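Worksheet: one structure, shown below.
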Amino acid sequence: MTQADEDHADGAGRASIVTGSRVTLQIEDSVLRMVAKPVPEEMFGSDVLRRLVEEMWMCMIEAGGVGIAAPQVGISWRLFIASARDHLPSTVFVNPEVEFFGAADVAGEEGCLSIPGWRSGKVPRHEKVRVRYRDMDGAARTASYEGIAARIVQHEFDHLNGRLFIDLDDSPDADDPPRRRSRMAIAEMEARIGGGASSEA
């Protein structure tokens, strides 16, 4: 999710944006459509996890974001980070579980670092959420959020389940360029999975 979202709320090769030592994957990349795996136990407190998180912060800040998920930098782990000025302190969410409150009927504007230049003002979200997660050292944490902070959490959590905000956008234009690119990425991924299954049978 991008800094502009918070501002608005207050008033043949892998396509990517190069930021620091990692890249922010773009919508064509099938990693963004996969259900991410839990961060392994042995990673907690490790230099590997700390380096990954540091690189994610660099990617997010350089791209002007307020959140980024591990799949967006090519790592299919259940991990995201977020920081949104007064709304959401800088937090690392590892293996999060999200509890939603109320109906998902609060429409708001969102963008995504993996779909640069594209925004929608009709993305429905829950007003409040509670997140149970672990920090980088493995300690259990619980936090509750509402408003823009809850929106950011839901946006990033969706990345861990292979969903993008355009999947939830209920605007009438269902054949916009991002959706077409996303459908192509899904079709390519399904073809690869299907091909792999048939070759192993």
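The values are calculated or read from the model by the stated rules, or taken from the named source; none is laboratory data. Model, not experiment: these values are computed from the prediction. With ideal geometry, Cβ positions are generated from the backbone for all residues, glycine too; neighbour counts draw on all protein chains shown.
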For G45: the one exception among (1) surrounded by fewer than 16 Cβ atoms within 10 Å (Cβ to Cβ); (2) at pLDDT below 95; (3) not in a strand (DSSP E or B): (2)
In the set A69, A84, which member is at pLDDT 95 or above and either buried (at least 18 other Cβ atoms within 10 Å of the Cβ) or touching a helix residue (DSSP H, G or I) at 6+ places or on another chain (Cβ under 7 Å) (or both)? A69
Per the filter on the stretch 150-165, residues surrounded by 24 or more Cβ atoms within 10 Å (Cβ to Cβ) and either of a type in the set (G, A, S) or in a loop (DSSP other than H, G, I, E, B) (or both) are A150
Give all pairs with beta carbons closer than 8 Å in which a residue from the stretch 112-134 that is aliphatic (A, V, I, L, M) meets a residue that is part of a loop (DSSP other than H, G, I, E, B); count only pairs at least 6 apart in sequence or on separate chains. L113/M1; L113/A63; I115/Q26; I115/I27; I115/L164; V123/L168; V123/D169
Verdict on A139 being under 14 Å from the mean Cα position of the chain (by Cα) and modelled with pLDDT of 95 or more: no
With the checklist (1) in a loop (DSSP other than H, G, I, E, B); (2) modelled with pLDDT of 95 or more; (3) β-branched (V, I, T); (4) more than 21 Å from V129 (Cα to Cα) in hand, flag the one item V35 doesn't pass. (4)
I'm trying to understand the selection: among the residues of the stretch 131-146, which are farther than 13 Å from E41 by Cβ and in contact with an Asp or Glu (Cβ under 8 Å, 6 or more places away or on another chain)? V131, R132, Y133, R141, E146
If you go through the stretch 88-121, how many residues are in a strand (DSSP E or B), touching a Pro at 6+ places or on another chain (Cβ under 7 Å) and closer than 18 Å to A69 by Cβ? 1
